[in-house]
Amino acid sequence: MLSIRKRIVIWYTVWMVAIVSLILAALSSGSGMLVERRTKALLTEKVHGRAEEIEVSQGRISIGEDISFFEDGVYMAVYSSSGNLIAGRIPHGVPLGDYPENQVLAVPGDDDSSWYVYWIQLSFADDSSARIIGAIRVQDMSIFFSAFAGVSFWLIVVIAALSSIGGYIIVRRSFRPAERVIATAGEIAGGSDLSKRIGLDEGSGEIHQMAAAFDKMLSRLEEAFERERQFTDDASHELRTPISVILAECGYARGHIDEKEKAVEAIDAIEAQAGRMSRLVSALLSIARSDKGTLVPVRTDVDLSELGEIVLDTMEDDARAKGISLYGDIEPSVHLSCDHDMLMAIMVNLLSNAIGYGREGGMARLAIKDMGTEVLISVSDDGIGIGAKDLPRIWDRFYQADPSRRGGGAGLGLSIVRILAESHGGSVAVESVLGEGSAFAVHIPRSSSSTK
């Protein structure tokens, strides 16, 4: 199959040749008609001009000596009413028949030539009359057309060649950026380096726009693959740790099967690590569903005030172990149409983050407020805070501003908070000062079916 470049050049050349051929054909036809019309007009003009110069004097037709009966290829002759030649002449071989008056006719001559013949009747005051006849050779256009056809043929050949060469040069220059696009795409397809870019100069052409769009697509693909790679590496690392602990504790328990206290200690460790894995797998499942667009909240009427108190009670032991005091600033009877488990996960993750990055003797506060068109869930603390350079990345998966202070967390809590909030049509926000603490806010809009 022909390439697009060749097809464009062929199409361009064919159209140029067709257009030129039509123009030449129109010129040829128009030239013949113009010559024919001009010849007939010349014949009638000369005949009428001579007729005006002929007079009758003393009963005889008077013709001046300076009157010429041959001008510009027109032969003219004056005949009496009886058919006698008075003046002028008609070339030999031109038949003089009973032709209609005032009408140019084409008649064949005796020498294979053709003639236009035209005559008019001259009437005088003494009731006498005469006839003036004019004849002009029909111009042989076949020679002209033959020469014109030869010139036209070579003209078409030259135009076709120039069109092909010019079209090829134009198309080649126009498609040169496309070749760079194809080459870059081939290099990427043949390898694993997504950092390559086409990098065309600034331009307003369609191919420049396509190249710019292609570069943007490559940038997004590179970012997506990098996130996927990082996600896989981090998930593997986070899962490897509890699995290693579980295997080690199983071996420890097997070696101390007769020692109840040590066996129970190993089982507790296994249970803790299994719980951590369960939470991590649940978080990964939520992230995967969010990426696929299948994370849909199961909405029911939930008393968020009651749910908040339950979460505070659940997190009390973890906070006490870190020396952190938990407080609640919860408005009574705040109802919302939402997914119960997802809203609990939001509160648990925010409080777990506050406890994990809190300072001994510090505090963490959970607040739930009805804002009318939305419900505000906020968690604030007086912990270590978040630096300005880390603040934009805290919502990234597996990102930890200070892993040494996290106490075994996977860095998915805030990512899950944002995913769950956005699945309800909500949004998240954070304010933090390094060394002074942080305040996280989750805004959940009311649905049409929610009640208070």
### Query
Which ³J(HN,Hα) values in Hz, rounded to whole numbers, follow from the phi angles of region 433-439 under the Karplus curve 6.51 cos²θ - 1.76 cosθ + 1.60, where θ = phi - 60° and Gly and Pro get x?
10, 4, x, 10, x, 9, 9
### Task
Using only the alpha-carbon atoms of region 4-143, report the extent along each of the three principal axes, biggest first, to the nearest angstrom.
88, 28, 26
### Message
Under 5 Å between amide hydrogens, which residues at least 5 positions from residue 375 or on another chain qualify, with H placed 1.01 Å from N in the peptide plane?
### Response
444, 446
### Task
Give the long-range amide H neighbours of residue 54: residues separated by 5 or more places, or on another chain, with amide H under 5 Å away, using H modelled in the peptide plane at 1.01 Å from N.
none
### HN-Hα J in Hz across region 372-383 - Karplus 6.51, -1.76, 1.60, θ = phi - 60°, x for Gly and Pro
x, 7, 8, 10, 9, 10, 9, 10, 10, 8, 10, x
### Query
Counting only residues 5 or more places away or on other chains, whose amide H sits under 5 Å from the amide H of residue 334 once H atoms are built in the peptide plane?
304, 305, 306
### Query
How long, wide and thick is region 297-445, going by the Cα atoms along their three principal axes, in whole angstroms, largest first?
40, 29, 24
### Query
If you take the square roots of the eigenvalues of the alpha-carbon gyration tensor of region 35-84 and sort them as a ≥ b ≥ c, do you get rounded (a/c under 1.5), prolate (a/b over b/c) or oblate?
prolate
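Values quoted throughout were computed directly from the atomic coordinates according to the rules given, and no laboratory measurement underlies them. From a predicted model like this one, the values you see are computed outputs, not experimental measurements.
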